[in-house]
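A short write-up of the structure that comes next.
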Amino acid sequence: MNDFISNALLNISPENACRLAKRYGADFTVDEAKIILPFLRLHKNELKKENKDKLLVLAKGKFPPSTYNKIAILVKKYAQ
């Protein structure tokens with residue numbers, strides 16, 4: 001993963017993550033961001049085009065369906 005993106009992921013606040021997600025078409029709450037950010041930090045190596053399906057499989061059972069759908073929107077847009 002690009003060092004810039006990795007660093008940004010480690011330092012982004014839940015509030016800023018919500019604003020960024022909204023720009024990409026997913027409307028997260030701060031509470032959702034607080035549970036999604038640790039997951040993404042843990043699985044940052046899967047944030048690549050070739051690993052997007054693996055990341056979605058990992059996320060599927062960890063989040064409620066509404067939150068998972070928002071994650072899927074972002075991953076699909078990011079990995080195009």
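Computed values, structure above
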quantity: Residue in region 2-24 that is among the hydroxyl-bearing types (Ser, Thr, Tyr) and closer than 13 Å to VAL75 by Cα present; calculated: yes
quantity: Restricting region 25-48 to residues that are under 14 Å from ILE5 (Cβ atoms) and touching a residue at least 40 places away in the same chain (Cβ under 8 Å), the residue that is surrounded by the most Cβ atoms within 10 Å (Cβ to Cβ); calculated: LEU47
quantity: Hits in region 7-27 - residues which are under 10 Å from the mean Cα position of the chain (by Cα) and at pLDDT 90 or above; calculated: ALA17
quantity: Selection count where residues are under 17 Å from HIS43 (Cβ atoms) and either touching a His at 6+ places or on another chain (Cβ under 7 Å) or of a type in the set (Ser, Thr, Tyr) (or both), scope region 6-23; calculated: 1
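The values are calculated or read from the model by the stated rules, or taken from the named source; none is laboratory data. Since the structure is predicted, the reported quantities are computational estimates derived from the model, not experimental observations. Positions of Cβ are backbone-derived with ideal geometry, glycine not excepted, and every protein chain shown enters the neighbour counts.
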